[in-house]
Amino acid sequence: YIDDIKEANKVLVEELGANMVTVAKDVKLQVEFNPAYISEYRLVGYDNRVLADEDFEDDTKDAGEVGAGHSVTVIYELVKADEDSTESGLKYQDSAPNDFAKETDEWLTLSVRYKEPDGDESKLLAYPIGQGDYTDDPSDDFIFASSVAEFGMILSKSEYVNEGSLKRVIKKLDSIDLDDEYKEEFRELVDAIRLND
């Protein structure tokens with residue numbers, strides 16, 4: 001949807017190459033959490049894009065294309081295994097963690113399956129993620145992405161928004177460097193909706 005000259009410049013000039021040149025097709029992401037570290041999780045957004053487990057390896061199942069210069073952000077809400085769970089028992093598992101889960105320092109594994117632009121057989125990349133990947137000092141891009149997710153949850157009146165508020169979104173946005181006009185435009189949108197709320 002193009003509604004002004006800035007959006008036209010973004011879509012038709014700055015991002016045209018990214019939208020026209022596919023670097024990977026049928027891209028699928030799968031996250032497997034280690035129950036020894038993560039007791040519960042919830043995917044934020046992508047409700048209409050969730051695949052069944054068996055579809056991840058099925059090359060006949062369509063998935064999204066990724067163009068040159070594109071990126072994908074996926075956000076999960078996590079409950080650490082040593083924290084109080086929101087429900088009794090494990091929601092996503094049938095049994096206790098196995099020995100490997102208890103002995104490894106991996107929190108999760110991110111698997112990416114994709115096809116070359118002219119290929120029909122998918123390739124698999126797997127990235128174990130653990131304590132070494134954790135930070136108490138998230139990047140401005142992470143804070144911005146989490147602000148967008150919170151804003152979406154507020155607008156959709158999500159049951160999971162808890163203490164989320166437009167005021168809190170603005171506070172988070174004001175704590176980072178909004179280093180491009182699109183981030184600044186998002187900040188203005190949140191402020192305009194807050195004032196009209």
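Bear in mind these aren't lab numbers, they're just calculated from the coordinates by the rules spelled out. Remember, it's a predicted structure, so these values are computed and weren't measured experimentally. Heads up, the Cβs are rebuilt from the backbone with ideal geometry, glycines too, and the neighbour counts pull from every protein chain shown.
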Asn48 paired with Lys102, simple spin-label distance in nm, labels 7 Å along Cα-to-beta-carbon: 4.5
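Over all directions, the average projected area of the alpha-carbon convex hull for the range 24-85 comes to how many nm²?
Values: hull surface 21.1 nm².
About 5.3 nm², averaged over all directions.
Between Thr60 and Tyr134, what FRET efficiency follows from the Cβ-Cβ distance if R0 is 35 Å, with the result rounded to 0.05? The partial results should precede the final answer.
Details: r = 37 Å, r/R0 = 1.06.
Once the sixth-power term is evaluated, E becomes 0.40.
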Total formal charge among the other residues, if their Cβ is under 11 angstrom from that of Pro128, Lys/Arg +1 and Asp/Glu -1: -4
Excluding the sites themselves, what is the longest stretch of the chain that contains no trypsin sites (Lys or Arg not before Pro) in a DSSP loop with at most 16 other C-beta atoms within 10 Å? 92-156
Write down the Å³ per residue value for the convex hull defined by the alpha carbon atoms of the chain. 160
Asp82 versus Asp191, label points 7 Å from Cα toward the beta carbon: distance in nm? 4.2
For the range 33-47, Karplus couplings with θ = phi - 60° (6.51, -1.76, 1.60), whole Hz, Gly/Pro x: 8, 7, x, 6, 10, 10, 8, 8, 8, 8, 6, 9, x, 6, 4
